Structures are given as C-alpha cells and as structure tokens.
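Structure first, then comments.
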Amino acid sequence: MIKNLSKLENYIQKFGLEEVFSPEIRSFLKVKKYTKGEIIFNAYKPVLYIYFLVEGLVEINSIMISGNKLFINNLFPLELIGDLEYMNKQEAMFDVVAADDSTVILLPFDIAEKYLENNPQFWRLLATECSKKLLRTNKAIILKGSYSLKTVLANYLIKNNYEINFTSLVDLAAHLNVSYRNLSRVIKSLSEEGIIKKQRKKIITLKKEELKNYSVNV
C-alpha cells in the first residue's frame, strides 16, 4: 500500500477527479499496486473499497459450476471496480485479477457513504462507468454468440493493435471462451492464408486489410 499524496494528486489531476475526490476525503484514499496475476478480490467475498484503476489492465472472470473459467471483461484506466457492489450493498459477483502490473486508488465504502452520498459528480461517474461496462460486455456477448471464431479472433487482434501476447493457448482459449481445439484450428487456418503468424507466445498480424475482412463492427 502506498501512502504517497503527491502520486495520488497526480492521478487525480490526470483523470479529472478533483470534483469527485474533494480535499476533505483525500487523506482517506490510498494508492495500491498489484503485480501481474495477483488477485484483487474473489467472487462471493465482501468488498470494502471502490477501486479506481489508474494504471495497468484488470481481468474479470467467473468460475462456472463445471469449474471452467469464464472470461467476462477487461478493464482499462480509468475504470472502476467494486462500484456495483457498493451501489447494491452485495458481495463480489466475479473474480478480479490484475492481468498486468496495475495501480488503483482505493476509496473505502464507509468514506464514500459519509462524504460522497450527496456529491452529484460521484454518482455521475458511477453511472457512466457502469453503463460503459454493461455496453462493452453486451457487445462481447453478441460477438461471441453471433459470429464465427475466426471473426472473434480477428476482432480481438484488431482491438489489441494487431498483436496478441499470451502465456499459453489454453489460457487464450479460456480468455475467448472457446475450446483449445477450435482456437488451434482457426489459428492454423489464418496462418495458412498468410494473414497471421503464430510465434511461441505471440500472434502477430501479417496482412491487416485481409484480417479486417473477417472482422465486424459491434
């Protein structure tokens, strides 16, 4: 946990949070770093903070009854974690893990209740971030449910600057909510077309325009 007011002030200014984090509550805020792979919180456990993601990448997952991991969403700065739990007064709905080295500002629930309940900027931010996450999740569901895996992979490559880094194909398949076998088949097909190239732990795009032919706007 980092109690560094100058770093905190830099993040507040960078993301325009001056009206949300009024001076009277800033001494209660903390900056915390998570290393890649570190759990931020688990599903069905109490959440005590709203997390303001200011650096890095966070992954949201759900563990199915079968034990399989279902990828829900990625979060990028500036996005919030724990906002739904705060508003609904409930335990965490999903597992949240740092997908890369990440930094958050921690706003304790009790401080938010005491100082921000009548702050319209605070509630506007919560509403905006919740609606953005819902829209992006719905788009992902539509994409995965309505289009071929080749289209899903093409969109994912384009979204990630035409390059995917992964720890293993098994993890990438889980991330895309598809089977390892089907993902391997599609990668092989696109590689044979000369559109992509699979390296050890990376997929790079060789022909961007051809890849775009498989993508859709969702």
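The values are calculated or read from the model by the stated rules, or taken from the named source; none is laboratory data. Here the structure is a predicted model, which means the values were calculated and not measured. Heads up, the Cβs are rebuilt from the backbone with ideal geometry, glycines too, and the neighbour counts pull from every protein chain shown.
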(message) Take residues that are in contact with a Gly (Cβ under 6 Å, 6 or more places away or on another chain) and tell me which of the strands (runs of 3 or more DSSP E) falling wholly in region 1-63 contain 1 or more.
(response) 49-55
(message) Among the residues in region 45-59, are any in contact (Cβ under 8 Å) with a residue 60 or more places away in the chain, surrounded by fewer than 19 Cβ atoms within 10 Å (Cβ to Cβ) and closer than 23 Å to Leu8 by Cβ?
(response) yes
(message) Looking at region 203-211, can you tell me whether even one residue there is outside the structural domain of Phe71 (by TED's automatic domain parsing) and closer than 23 Å to Glu59 by Cα?
(response) yes
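Out of curiosity, is Leu116 surrounded by 13 or more Cβ atoms within 10 Å (Cβ to Cβ) and touching a strand residue (DSSP E or B) at 6+ places or on another chain (Cβ under 7 Å)?
Working: surrounded by 13 or more Cβ atoms within 10 Å (Cβ to Cβ): yes; touching a strand residue (DSSP E or B) at 6+ places or on another chain (Cβ under 7 Å): no.
Judged against the criteria, Leu116 is not a match.
Can you name every residue in region 174-206 that is more than 12 Å from Leu149 (Cα to Cα), of a type in the set (A, V, I, L, M) and at pLDDT 85 or above?
Within region 174-206, the subset more than 12 Å from Leu149 (Cα to Cα) is 174-175, 188, 191-206.
This time we only want the ones that are of a type in the set (A, V, I, L, M), so: 174, 195-196, 203-204, 206.
Across region 174-206, the qualifying residues are Ile195, Ile196, Ile203, Ile204, Leu206.
Considering only residues that are of a type in the set (Ser, Thr, Tyr) and closer than 23 Å to Ser62 by Cβ, look in region 76-129 and name the one that is modelled with the lowest pLDDT. Don't jump to the end; show me each part of the working.
Within region 76-129, the first condition is being of a type in the set (Ser, Thr, Tyr), and the residues that meet it are 86, 102-103, 115, 128.
If we keep only those that are closer than 23 Å to Ser62 by Cβ too, we end up with 86, 102.
On the way: Tyr86: 91, Ser102: 94.
Checking each candidate, the answer is Tyr86.
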(request) Scan region 80-91 residue by residue and report those that are out of contact with any helix residue (DSSP H, G or I) (no Cβ under 6 Å at 6 or more places or on another chain) and either touching a residue at least 12 places away in the same chain (Cβ under 8 Å) or of a type in the set (Gly, Ala, Ser) (or both). (result) Ile81, Gly82, Leu84, Glu85, Met87, Glu91
(request) Identify, by number, the condition in (1) touching a helix residue (DSSP H, G or I) at 6+ places or on another chain (Cβ under 6 Å); (2) under 22 Å from Phe71 (Cβ atoms) that Ile195 doesn't meet. (result) (2)
(request) Within region 25-38, identify whether any single residue is modelled with pLDDT under 90, under 19 Å from the mean Cα position of the chain (by Cα) and among the polar types (S, T, N, Q), and answer yes or no. (result) no
(request) Give the residues of region 185-214 that are of a type in the set (Ser, Thr, Tyr) and surrounded by fewer than 16 Cβ atoms within 10 Å (Cβ to Cβ), sorted by residue number. (result) Ser189, Ser191
(request) Go through the residues of region 89-106 one by one and say whether even a single one is under 27 Å from Lys7 (Cα atoms), over 19 Å from the mean Cα position of the chain (by Cα) and buried (at least 18 other Cβ atoms within 10 Å of the Cβ). (result) no
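For region 152-174, enumerate the residues that are farther than 17 Å from Lys198 by Cα and buried (at least 16 other Cβ atoms within 10 Å of the Cβ).
First, the residues of region 152-174 that are farther than 17 Å from Lys198 by Cα: 159, 174.
Matches in region 152-174: Ala174 only.
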(message) Which of the numbered conditions does Val178 fail, given that it passes all the others? Conditions: (1) among the aliphatic types (A, V, I, L, M); (2) farther than 26 Å from Glu210 by Cα; (3) assigned to a loop (DSSP other than H, G, I, E, B).
(response) (2)
